[in-house]
1. Go over the candidates B:ILE301, B:ILE326 one by one and state the one that is in contact (Cβ under 8 Å) with a residue 12 or more places away in the chain, away from every other protein chain (no Cβ under 14 Å) and of a type outside the set (Phe, Trp, Tyr).
2. Being at pLDDT 75 or above, among the aliphatic types (A, V, I, L, M) and closer than 27 Å to B:ILE366 by Cα is the requirement here; does B:ILE49 meet it?
3. Among the residues of the stretch B:310-318, is any under 27 Å from A:LEU167 (Cβ atoms) and touching a strand residue (DSSP E or B) at 6+ places or on another chain (Cβ under 7 Å)?
4. A:ASP78: of a type in the set (D, E, K, R) and within 13 Å of chain B (Cβ to nearest Cβ), yes or no?
5. Can you name every residue in the stretch B:329-366 that is within 26 Å of B:ALA10 (Cα to Cα) and either among the aliphatic types (A, V, I, L, M) or without any contact (Cβ under 8 Å) to a residue 24 or more places away in the chain (or both)?
6. Scan B:ILE292, B:ILE206, B:ILE298 and give me the residue that is of a type outside the set (Asp, Glu) and under 30 Å from B:SER146 (Cα atoms).
7. Select from the stretch A:127-138 the residues that are part of a helix (DSSP H, G or I) and away from chain B (no Cβ under 14 Å) and list them in ascending order.
8. Considering only residues that are in contact (Cβ under 8 Å) with a residue 40 or more places away in the chain and under 18 Å from the mean Cα position of the chain (by Cα), look in the stretch A:50-63 and name the one that is surrounded by the most Cβ atoms within 10 Å (Cβ to Cβ).
Amino acid sequence: MAPIIHVENLTKIYRMGDVEVHALRKVSADVEPGEFVAIMGASGSGKSTFMNILGCLDTPTSGQYHLDGKDVSTLSRDELAAIRNRKMGFIFQQFNLLTRTTALENVELPMMYNNTSNREREEKALEALRIVGLADRAHHYSNQLSGGQQQRVAIARALVNNPSIILADEPTGNLDSRTSVEVMEILQRLNQDKGITIVMVTHEKDIAQFTQRNVFFRDGKILFDREVEDRLDAQQVLATIPETLEEELLENGKETK
Amino acid sequence: MNLLFTMKTAFMALLRNRLRSGLTMLGIIIGISSVIVMISVGQGAKASIENQIKSMGTNMLMVMSGSMKSMGQRQAAGSSQTMTPEDVEAILKECPAVLNATPNVSSSGSLVYGNANWTSSLLGVSPDYFIIRDWQTSSGTVFTESDVNGANKVCVLGTEVVANLFPNEDPIGKMIRIKGIPFKVVGVMVSKGQAAMGPNQDDTVIIPYTTLMKRILNQTNISGIMVSAVSQDQISDAKEQITELLRARHRIKKGGEDDFFIGSQTDMTNKATSIANVMTLLLGSVASISLIVGGIGIMNIMLVSVRERTREIGIRMALGARSRDILLQFMVEAFVLSLIGGLVGIILGVSGAMLISKIAKWSTYISFISIVLSIGFSSAIGIFFGFYPARMAAQLNPIEALRFE
């Protein structure tokens, strides 16, 4: 199968006054359809720039980016916006939901920009919320939801347009360990059931263990790119984590007895 | 993105900051309502001036005796004594553009009835006068052509004279003394009120011109002729025909100066309305300044709003909003602000104008055009002052906008 993401000699140079910053130095990589990839690296390693280019939010200084067989490295702003809308879903560390807007409206937002009819929009948004288990919170305002729930609304928003790729920028960075695993469970499910390709940036090694492949960046280059050996299954991990802190304390109490 | 949804988004965004949106609108509200009030006051003044001039009669021309040259010295206007009642007859006979004409002789004199006395102006005319000025009696009748021919001692009174001489009586049929001569009151005129830039038209006694000339003033010339043209567009024809006729009758040589001059009501109307127009323009432009200040208020708030919502703009862009979607969103917001402000301003302005005409008794005139114009103007302000902030939002870099705290 042809790779869904194919980048070749991707270079990005920022100008900061007189100084040139090489954020990416001739990066080449492929991502196959249905892959679940973690991008890792220290800050300043170029992984954010790489993600921005993959997400069609930025264009490379030189090099090529083929998305689904199509060269997108030279498209205009509006053409990139259309590709983001149709092919991509974004998940951010800060959730980035619109405040004082209901969960349903947040999930409907991407469809506002592609002429989906009102009824279809609502149906699709409710379906997406059902997938992340938040159908009963559809009419809650986003700021009334917990962090984990907000991130699940964001995932629903990312998958509502049936994207071929979901790009997640540290999706668990602001969550506690149990909700992090819950989010990973949803992502694994989307990856396996719907075959959505997921590229995720993370700092945490144990979170990267839930993916199939880890790509490590340093100084604008790929340092290593390897398959994950003993991949974790989020559902199994969830079963071992107590639901609440009280339970956890109780468990510990039993052991000490 | 469809327009309906954009409108909804804009409303939601404005509702989220109710106080701020309200205060921003206030600028436009004050601007629009003051423009409407000012223009309606100006237009009202213009309409009332026009009405007053019209109340002097329709299609009217005044022929007044001009200045006389005596030993090379030009005398005051009206000093020439060449105009006679025969001139009036000739005008009626020979000028096809003239419908009615009356000699005009004026004077003033003391009036006595019983113990009451009053001094008022005396006007000597023919019955045509009442037709030209479209002036009816409220009781009794006006005098007739035969009263004129017989120089009868009959008079018609204005309401002001009646109020002074007959406070509790019906004046019809009573005898009053004008400069000592007894006159019979045959009619009372309808009140016309203060003339535009002139005397109180109700404080007058109207008698046949022959009576005034022969029995009171003892003179043969008249001071002027009041003429009505057949129609509005024949006023200038009438003017020409009268000029030609009078020059011939007064034997004025070619190149010689007229011994009379003709003033028309349209001249007066034009002057008065041009003054009123200047006033309206002045009031309107002062009020427009507040409208522009209101517009700058919108721009200010939109700039703040764009900055505050930078992250929202970034999110929308990441989710597929094109530059023009963002541009439209913020333009519509500014447009909605100014449109609602404009509508409220119109309501306030119209009721303000009504209040002014009720309390201050000024006549105001609210024209449909001024309302349409102010809606257009306030929307234009929204678009004009909303464009810069909206373009700023549309040109944001999505990556930087997403990172904005």
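1. Working: B:ILE326 fails: away from every other protein chain (no Cβ under 14 Å).
Exactly one of B:ILE301, B:ILE326 is in contact (Cβ under 8 Å) with a residue 12 or more places away in the chain, away from every other protein chain (no Cβ under 14 Å) and of a type outside the set (Phe, Trp, Tyr), namely B:ILE301.
2. Numbers: at pLDDT 75 or above: yes; among the aliphatic types (A, V, I, L, M): yes; closer than 27 Å to B:ILE366 by Cα: yes.
Spelling it out, B:ILE49 is indeed at pLDDT 75 or above, among the aliphatic types (A, V, I, L, M) and closer than 27 Å to B:ILE366 by Cα.
3. yes
4. yes
5. Once the filter is applied, which keeps residues that are within 26 Å of B:ALA10 (Cα to Cα) and either among the aliphatic types (A, V, I, L, M) or without any contact (Cβ under 8 Å) to a residue 24 or more places away in the chain (or both), the stretch B:329-366 yields B:MET331, B:VAL332, B:ALA334, B:VAL336, B:LEU337, B:LEU339, B:ILE340, B:LEU343, B:VAL344, B:ILE346, B:ILE347, B:LEU348.
6. Working: B:ILE292 fails: under 30 Å from B:SER146 (Cα atoms); B:ILE298 fails: under 30 Å from B:SER146 (Cα atoms).
Every option except B:ILE206 fails the conditions.
7. A:GLU127, A:LEU129, A:ARG130, A:ILE131, A:ALA135, A:ASP136, A:ARG137
8. Within the stretch A:50-63, the subset in contact (Cβ under 8 Å) with a residue 40 or more places away in the chain is A:50-51, A:53-55, A:58, A:60-63.
From the residues that got through so far, the ones that are under 18 Å from the mean Cα position of the chain (by Cα) too are A:50-51, A:53-55, A:58.
Working: A:PHE50: 27, A:MET51: 21, A:ILE53: 23, A:LEU54: 22, A:GLY55: 21, A:ASP58: 19.
Ranking the candidates gives A:PHE50 first.
The values are calculated or read from the model by the stated rules, or taken from the named source; none is laboratory data. If you're wondering where the values come from, they're calculated on a predicted model, not measured in any experiment. Don't worry about glycine lacking a Cβ; one is built from the backbone with ideal geometry, like all the others, and counts go over all protein chains shown.
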